[in-house]
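These notes concern the structure reproduced below.
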Amino acid sequence: MEIREDLGPVRRRSMMMLLAIFLVLGALHFRMAQLQLIEGVHWRQMAENNRLRRLPLAAVRGRIYDRRGQVLADNLPAWNLLLFPDEARNLNETVLFVADLGIGGAASLHDRVNKRSVDRLAPMVVGENLDWNQVARVRSHQSDHPELSIVAGFRRHYPLGPAVAHAVGHLRMVSEEELVANPRLDPNSRVGAIGVEALADDFLTGRTGERWVVVSAVGRQLGVVREISSTSGKDLAVTLDADLQRVAAQAMGERGGAVAAIDPNNGAVRILYSAPSFNPELFSGKLSTEDWNELSNDPRLPLQDRCLQGTYPPGSTIKPFLALAALTEGVVTPDWSVHCSGGVVLHGHRFRCWRRGGHGKVNLLRSLEASCDIYYYQLGQRLGIDRMAGWLEAFGFGRRTGVGLPSEASGLIGSPEWSRRVRGTPWYPGEAVSVSIGQGPVLATALQLARGFAALANGGRLVTPHVVVNPEGADSIDLNLDPALLEQVKSGLELVVHGDQGTARSLAALPVAGKTGTAQVVRLQEGVDSADLAPHLQHHAWFVGWAPIDDPQIVIALVVEHGGGGGSIAAPTASIILSAALGENVDPAPGQGQER
Amino acid sequence: MEHRIDAWLILAVAGILGASLVTQNAVAGVVGPQLLARQLLWACAGMLTLLALSRVRLDLYARVAPLVYLIGLAALVAVLFFGEIRSGTRGWFALGPLTIQPSEFARVATILMVAAWLGRRSGSGLSAKEAAVLVALVGAAAGLVALEPDLGVTVTYLPVAVAALWIGGLPRRAWIGLVALGILVGVFAWHTVLKDFQKERVMTVLDPERDPYGVGYQVRQSKIAVGAGGLAGQGVGHGSQSLLRFLPAQHTDFAFAVWAEATGFVGATGLLLAYALLLYRIGMAAVVAENRFGLVLAVLVCAWLAFQVVVNLGMVLGLLPTTGITLPLFSYGGSSLLSTCAALGAVQSVWRHRLVNQ
C-alpha cells in the first residue's frame, strides 16, 4: 500500500503566497480608487488640455548642379500652414478662415479635409509659401485657431526657369498609389515628376523626420516627446550646360521645337531644350486651377517634351546614314553618280527632287552637299528596305537611346515586317522610296539624331546619352565602320556647311559639319508651293551637326516645328548655339542657306 | 477519478478575454482592424487549448516534462539563429503570416520541468545543492531569453524561480541571504548594467513630474487615461486619451489604461476582480491537490500570472517603472495568450485529477 505523503507544509506555504498576492491586488485597487475617484477630476482636466501633435520635419531635397557647378535646382525656405483637423472646434469656421487668407477655395479645402487618410494625428498642409501678411494674420488669430500652425519648409526653386523645365524637371504631389505602396511616405510630400527630378528622385530625396510635441489647449507647445531628425537628400551634378540651355532657349524664341546636344565622345548630354517651355516653379507649390488650365489647354503644348517625346520625320538628315550603309554594303561607290533632272518615276509614281530644276550630275559628295533627293531614291532602291532598316537600327533609331529620363519615345523605322505586325497592311514598295529621304514611315527624336551623328563624328562608336554620369563609365557600341568610307561621308557633311552649294552655309563661319533636313508634314501636290501652306502644315526644319570638325566636342540636333526649310531656319538657329558652345561670338551669316 | 472542470476559472478567463476584445475593438481605429480579428482568433484557439489540455491525465504532464523542457530550450537556441528581429530583439519565428514567440512557451515548459523535479523529491527543506538545481533549471531558459535580448520576458521567469524555492522549502537563513544578495546585485546593477533610460524610468516612479514629456511621458499619459475614466468611464470608444494616440502601446502594455478610461472605476474593478478570481481558483487547485507535482505546478502558474498582473498594473497605475511586461490574457499577442491558456489547461488537469495520488 502506498503511503500518502504529508503535503501539509507545502500547502501552508502556498496559502501564504496566495495571501500575499491578494494583499498586493488590494493595494492596486486602492491605487485605482485614488486615481479614478479621488483625483479623477484633476486627470480629466489634464486629458482635455492634453494635445499630442506629430509635426513633420522637412527634409532638404538635394540640389542639382550643371556640369560647371551652376545651380539648376535649389531650395528656398518657405512658410507653410498646417491644419490639425481633429483639434478644430468648428471645422467649417476654420476652413472659412483659411480661405479668407487667400489660400485656396473653401469648397476644395472641405473636400480635402474629408478625404484625408486614417492617420489622425498627422497634419494636413493647407497652405504653402505664405507671404508675411498671411503669416501675421494666422499668428494674430492663433488662440482662436490653435488647430492651425505655421511651420518652416522648403520650396523648390529653378534659377533658370523655363530654360531647363523639361530636362531638369519639376515636382508633383505624391500619388495615392505611392502612399498605399509605401506607408512611410509623408502624404504632404512631393516627388520628381519628370526630367532629372524624376530620374534621380531616390538620390535627391531626403528622409522626412518627425517631432512629437504636446501642446496646450490654445496651441502653445509645452514639450517635445520624441524627435526623429530629418536627413537631407544628396546633391547631384548633371552633364547639362546651363549657359547653353539658356542660349538654346533664346535662340528658339517663340517657335516650337527641340534642341538636343551631346558630347560625341562619351554621350554626356549638354542641351535638352524643348520649346515652347513653361515655368517649372508653378509645380513647386500648390498648382492653381487657372495655371493648370492655362498650361494644359495651351494649343502649343508647352508641357510636351519635344526632345524625348517629339518624334518627327528626320527628312534629309537621314541621308548620311544611308550613304554610309550603301557604301559599306558595296551597292554604290563614292564615284557612282546619278543624273538629277528634278524627278524620277519609280514603281509607277513620279518622285520629285526638292529642287524643281534638278541638280544635274550628282555623286556622293554632291548628294550630301546639295541634298539631292533623286540620288537617294536610287540609292535606296539599290539598298532595299530591309538593309536600310537594319542600318538605321544600328545607328540607334527605332529604339530608346537609354538616356534614362522618363517617357522617352522610341521613334519608328518602317519595314515590311513592321507593316505586317503593327500596321496590319501590306508594305508598298513606294514607301521605301520615301524612307530613303527620311519621309513616310520613319520617325526620330532629336536626341536619336544627335546620337546617330555622334557616331559619325567620333569614328563609329554609338554612345549612350546620359545626364547623370554612370560611375562605371559610359557604355558605347563599336559599329565597326570602314574608316575610309566614313571619311567620305564626313567630307560630304563638311561640304554641307562649307561647300559652294552647301545647304547650311549660314554656319560657314564656324568649324561645323552637319546636315540640314526639311521634313514634310503633308505631301505637296503638283504646283503647290510650300510657302503657301497653312502654318500648322509647314515643314519641320532640321539641322544636325558637330563642331569642331576634326576634334568633335559637341553634336547638336535641332528641329523647328513647322519652321520651313532646314537651311534657312534651323541652321541659323543652330549657329547661335554652336558659336556659344565654341566660345565664339559669331553672328549667323544672313540667309545664305538654300531650301534643304 | 476525474472531477469536472472548474467553471469559476473558465468564467474568469472568458470575462478577461471578453474585456480584452472590447478594448482591442475600441483601439482598432488607431492600430488597425486586423489586430482585433487576430486576437479574436487567438482567444478562440486559447479557449480550445485550455479545454483540451485539461483532459490530459496529470501523470502524463510529469512524464513528458523533461522532453517538453528540452524542446523549449532548443527553440530558444534556434530563435537566436533563425529568429526574426523586432525592435532589436531576435525573438520570433515567422510562420507565414503568423509569428511565434518561443520565450512565452518555454516559460510554461520550464514550469512543468520545475514542478516535475520538485514533485519527485520528498521531505521538506531544500539543500543548497537542490536549490542550485532549481535555479539552474529556470536560469538556463531565462539566460537564453536574455540573450535575445528580451528583458521583459526574462524578468517573468523570476517569479517561477522564487516560487519554486519558496514552495520547495528553502530555510529561513537562506532567504535572508538571498534578499541581501538581491540588494547587493541591485546596487551593483544600478551602477554598471542599467542604462540611463532604465534608471530614468525608475526615477520617474519616485518623482512623476521629473520629465513629463520625455521618459515620464508614457506613465504620465497612462495615469491621465486611467484617472480620466473616473467612476463610470468615458464610454467604450470615447476615451480621448486612448483614441487620439496619446497613449503609447495602447493595445499591448497599456491596454488596461484604455479599458480603465473607457469603463472607469467600475470596469477596472470588475477586471481586477476577474484576475483575483482567476488567481484564487488556481490557488484552490493547488491547495486541494493530493499530489505534490500537481500542487507545485498550480502554485508556479499562480505565481507567474500574479507577478505579471501586478507588475503590469503597477506600471499602468504609475507605481512601478515601465518594463514592457504585458497583462496576461488581456494585452494583444498570440503567443502570450496561447501559452497562458496552455498553462491554465495544465492547472485544470490538476483540478480534475486532484484526488489522484501518483
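Just so you know, all these numbers are worked out from the coordinates, no wet-lab data involved. Values in this document were obtained by computation on a predicted structure and should not be read as measured data. Every residue, glycine among them, receives a Cβ derived from its backbone with ideal geometry; neighbour counts consider all protein chains shown.
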| request: Any chance you could check the Cα centroid distance between the range A:224-292 and the range A:35-77 for me, in angstrom? | output: 30
| task | Give me the lysines in straight-line cross-link reach of B:K199: C-alpha distance below 27 Å, same-chain residues under 8 apart excluded. | result | B:K223
| query | In nm, to one decimal, how far is the modelled label at A:A484 from the one at A:A152, with both set 7 Å along Cα→Cβ? | reply | 7.2
| message | Treating only the Cβ of Lys, Arg, Asp and Glu as charged (+1, +1, -1, -1), what charge dipole size does the protein assembly as shown show about its Cα centre? Round to the nearest 20 debye. | response | 3580
| remark: Residue-normalised 222 nm signal for chain A, counting each DSSP H run of n ≥ 4 as -39,500 (n - 2.57), nearest 500 deg cm²/dmol, is -9000 deg cm²/dmol
| query | With each label point set 7 Å from Cα along the Cα-Cβ vector, what nm distance links A:Y428 and A:S288? | reply | 5.1
| Quick one: putting +1 on the C-beta of Lys and Arg, -1 on the C-beta of Asp and Glu, what dipole do you get for the range B:7-352 around its Cα centre, in Debye to the nearest 20? | 720
| message | Please compute the volume of the convex hull spanned by the alpha-carbon atoms of the range A:242-581 and report it per residue in Å³. | response | 144
| remark: Mean separation of Cα contacts under 8 Å (at least 6 apart) over the residue count of chain A, i.e. the relative contact order in percent, is 13
| field | Within the range B:130-222: Cβ-based charge dipole about Cα centre, in debye rounded to nearest 20 (Lys, Arg +1; Asp, Glu -1) | value | 260
| request: Enumerate lysine pairs in the range A:242-581 that are 8 or more residues apart or on different chains, then count those whose Cα atoms are under 25 Å apart. | output: 6
| request: Go through A:V435, A:V164, A:G384 and say which Cα lies farthest out towards the positive end of the charge dipole of chain A; charges sit on Cβ, +1 for Lys and Arg, -1 for Asp and Glu. | output: A:V164
| message | Under the 0.36 nm per residue contour assumption, what length would be gained going from the current alpha-carbon distance of A:L222 and A:H349 to full extension? | response | 37.0 nm
| task | Can you find, among A:Y273, A:S568, A:S367, the residue farthest towards the positive end of the dipole of chain A? Put +1 on the C-beta of Lys and Arg, -1 on that of Asp and Glu. | result | A:Y273
| Hey, fewest Cβ within 10 Å first, where do A:D111, A:D186, B:D253, A:D86 land in order? | A:D111, A:D86, A:D186, B:D253
| query | Can you give the angle from 0 to 90° between the axis of helix A:319-329 and the longest principal axis of chain A, with both taken from C-alpha atoms, to the nearest 10? | reply | 70
| Segment A:E177-A:L37, length gained on full extension (0.36 nm per residue, minus Cα span) | 45.5 nm
| said: Neighbour counts of other C-beta atoms within 10 Å: give me A:T518, B:T322, B:T192, A:T205 arranged from fewest to most. | reply: B:T192, A:T205, B:T322, A:T518
| task | Just name one of A:I150, A:P320, B:A62: the one whose Cα is farthest towards the positive end of the charge dipole of the protein assembly as shown (beta-carbon charges, Lys/Arg +1, Asp/Glu -1). | result | B:A62
| request: Select from the range A:404-511 those GluC sites (Glu not before Pro) which occupy a DSSP coil region and have at most 14 other Cβ atoms within 10 Å, ordered by residue number. | output: A:E472
| Taking the alpha-carbon set of chain B, what are its Rg and Dmax in Å? | 20.3, 60
| Using only helices, what value at 222 nm comes out for chain B when you add -39,500 (n - 2.57) per DSSP H run of length 4 or more and divide by the total residues, to the nearest 500 deg cm²/dmol? | -23500 deg cm²/dmol
| What nm value, rounded to one decimal, do you get for the distance between B:S87 and A:A20 when each label is placed 7 Å out toward the C-beta? | 3.0
| task | Provide the descending list of Cα extents for chain A along its principal axes, expressed in whole angstroms. | result | 123, 85, 46
| Length released on extending from A:T333 to A:A136, taking residue separation times 0.36 nm less the Cα-Cα span | 63.0 nm
